Number of protein chains: 2
Amino acid sequence: MVNKTAKERLVFFISDRTGITAETIGHTLITQFPDIRFVQRTFPFVNSLEKAEYTVKRINDVGVQDGTRPIIFNTILDDELKTVITTAEGMHLDFFDMFLVPLEEELGCPSSHKSGLSHGMADEEQYMNRIDALNFSLTNDDGASTNKYPNADVILVGPSRSGKTPSCLYLALSHGINAANYPLTDADLGADRLPQNLRQYKKKLLGLTIDAERLHNIREKRRPGSTYASLKQCQLEIEIVKEIYRNEGIPAIDTSHMSIEEIATTIMQHVRNSKS
Amino acid sequence: MVNKTAKERLVFFISDRTGITAETIGHTLITQFPDIRFVQRTFPFVNSLEKAEYTVKRINDVGVQDGTRPIIFNTILDDELKTVITTAEGMHLDFFDMFLVPLEEELGCPSSHKSGLSHGMADEEQYMNRIDALNFSLTNDDGASTNKYPNADVILVGPSRSGKTPSCLYLALSHGINAANYPLTDADLGADRLPQNLRQYKKKLLGLTIDAERLHNIREKRRPGSTYASLKQCQLEIEIVKEIYRNEGIPAIDTSHMSIEEIATTIMQHVRNSKS
């Protein structure tokens with residue numbers, strides 16, 4: 001096995017549970033090396049000696065075939081299983097070894113070494129909150145109804161395809177936030193002002209905007225050649241919603257160059273600030 | 001400032017982008033210390049000297065008030081901003097410092113030190129895949145239609161409230177997987193066999209089961225005292241769906257003690273295995 005500085009490298013994420021932590025860490029790190037193509041493979045639920053040995057065998061088999069030294073991100077907590085994994089040929093990055101030792105020292109107590117605490121069912125109440133929030137966002141999607149708005153943490157408004165629905169679902173699943181959304185449609189835009197049934201919830205409103213060009217591209221994928229998707233229509237809608245936000249003092253987020261995670265994080269900041 | 005082994009500790013997650021990586025890492029680590037109550041605060045989008053200085057001030061203010069040494073998880077990449085953050089009073093855990101140096105050595109090349117690569121819009125195509133998958137799961141939720149099933153990566157079946165919808169949405173948002181779901185309702189269960197319109201997609205089916213007791217508890221929260229929520233009804237439905245899965249050779253996942261993330265990971269394993 002040669003440790004060559006190849007342009008393609010194997011990366012393994014090993015976990016005794018979902019592998020989400022291992023993947024998040026690993027993905028964040030490997031995106032820092034854009035010139036290398038990483039072939040990724042996750043081994044979740046490696047929670048028995050048998051599975052650990054199987055994992056080592058798979059890593060070694062693939063590694064030998066590939067001819068490069070695999071990179072192994074490991075978030076297993078159990079010492080016995082961990083020892084088995086370290087026998088795999090490769091560069092080992094052990095997440096808990098790197099962080100838990102200094103933390104134990106700082107906190108003056110040993111860690112529990114119990115797995116499944118982070119992405120499992122450890123906190124039943126928090127878990128049910130997320131499911132409830134998800135149901136909330138599904139029943140309050142796209143202006144479907146407004147009678148539950150008193151229970152909303154935030155209400156997103158904006159033109160069709162500006163990112164409202166994905167953001168609401170993400171906020172529910174990740175943060176247990178009750179996020180409703182209400183589209184500013186042609187009818188509302190014609191009136192050039194906030195729809196009447198939103199006025200009483202003005203403090204909860206957050207407006208999304210987006211570059212007209214980008215909106216046009218997104219809509220073209222859905223309904224090619226339609227008036228709805230035309231650049232002219234997109235420009236018009238964006239112009240009017242921006243005016244509404246300005247006139248009504250609704251804070252606005254430009255989603256043009258933001259991922260769902262970035263939009264959601266920006267919304268969370270807003271929700272926290274308006275509560276504190 | 002005293003470094004006491006308090007039962008309550010302040011934790012700060014600092015990021016120049018969403019803070020998702022910092023929070024994931026930090027959360028995974030602090031759940032390893034169940035006897036300590038952690039008061040968590042995230043500072044996302046710390047992407048200017050001004051914001052970095054403000055963050056340091058906030059950490060120091062809160063830390064002094066609290067009287068304990070804060071724990072600071074940092075995922076900032078920019079060296080100048082990083083240097084500012086290290087002036088905050090506290091225990092510093094710098095994610096990139098710990099991992100990037102050994103990785104640069106292993107890979108034989110420097111890292112890009114560019115931020116926003118992990119949870120941003122870096123990969124436009126992958127991003128649009130997720131949005132498309134989300135639309136797919138929304139329009140194919142709860143057996144709404146079956147005509148798009150040829151495009152499904154997986155079709156979840158199971159009784160009402162066994163976890164189908166959250167799992168599908170999570171799979172879409174996190175992995176860009178086209179996941180449809182079809183409820184096995186009373187009508188189907190009466191027939192005691194797989195609904196006719198699912199038969200041709202049998203290879204894509206995955207069955208969810210759940211403890212009757214747990215299903216009963218979940219349904220009671222929605223419709224207290226209803227026949228639908230009664231333990232007897234839940235036992236009956238579970239018994240029948242299990243029989244259907246067995247008779248039809250549909251692989252089944254017991255969701256009773258699983259989080260959405262764990263169910264999704266198990267489904268992903270299944271999808272990958274059936275494709276390979």
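Throughout, read-outs are computed from the coordinates displayed, never taken from laboratory work. Keep in mind the model is a prediction, meaning the values are calculated, not measured. Glycine also receives a Cβ, built like all others from the backbone with ideal geometry; neighbour counts cover every protein chain displayed.
Across the identical copies, the 7 Å label point of A:Pro110, projected outward along Cα→Cβ, sits 4.4 nm from its counterparts, in ascending order. Distances between copies at B:Asp254, taken between label points 7 Å from Cα along the C-beta direction, are 5.4 nm in increasing order. For region A:203-214, backbone phi angles converted through the Karplus equation (6.51, -1.76, 1.60; θ = phi - 60°) give residue-by-residue couplings of 5, 8, 7, 9, x, 9, 10, 7, 4, 4, 4, 5 Hz, Gly and Pro being listed as x. If the limit is 27 Å between Cα atoms, which of A:Lys164/A:Lys203; A:Lys203/B:Lys82; A:Lys164/A:Lys221 go over it? A:Lys203/B:Lys82, as the Cα separations exceed 27 Å there.
Converting phi to 3J(HN,Hα) with the Karplus coefficients 6.51, -1.76 and 1.60 and the offset θ = phi - 60°, region A:49-60 yields 4, 4, 5, 5, 5, 4, 4, 4, 4, 4, 4, 5 Hz in sequence order, with x at every glycine or proline.
Projecting 7 Å from Cα along the Cα-to-Cβ direction, the label point of A:Glu213 sits 6.1 nm from its equivalents in the other copies, listed shortest first. For region B:66-80, backbone phi angles converted through the Karplus equation (6.51, -1.76, 1.60; θ = phi - 60°) give residue-by-residue couplings of 6, x, 10, 7, x, 9, 10, 8, 10, 10, 6, 9, 5, 4, 5 Hz, Gly and Pro being listed as x.
Helix-only arithmetic for chain B: the sum of -39500 (n - 2.57) across DSSP H runs with n ≥ 4, divided by the residue total, places the mean residue ellipticity at 222 nm at -14500 deg cm²/dmol. Taking a ≥ b ≥ c as the square roots of the eigenvalues of the Cα gyration tensor, an a/c ratio of 1.5 or more together with a/b no larger than b/c marks region B:162-235 as oblate.
Computed with the Debye formula from one identical point scatterer per Cα of region B:120-276, without solvent, the log10 of I(q)/I(0) at q = 0.11 Å⁻¹ comes to -0.42. Rg and Dmax of region A:24-134, both derived from C-alpha coordinates alone, stand at 16.7, 49 Å. The GNM of chain B, with springs linking C-alpha atoms under 10 angstrom apart, assigns the highest mean-square fluctuation among B:Thr255, B:Thr28, B:Thr209 to B:Thr28. Counting every pair of alpha carbons in region B:1-87, the share spaced more than 15 Å apart comes to 56 percent. If R0 is taken as 35 Å, the Cβ-Cβ distance between A:Tyr54 and B:Gln200 corresponds to a FRET efficiency of 0.50. Amide H contacts for B:Phe43 (H built 1.01 Å from N in the peptide plane; partners 5 or more residues away or on another chain; cut-off under 5 Å): B:Phe13, B:Ile14, B:Ser15.
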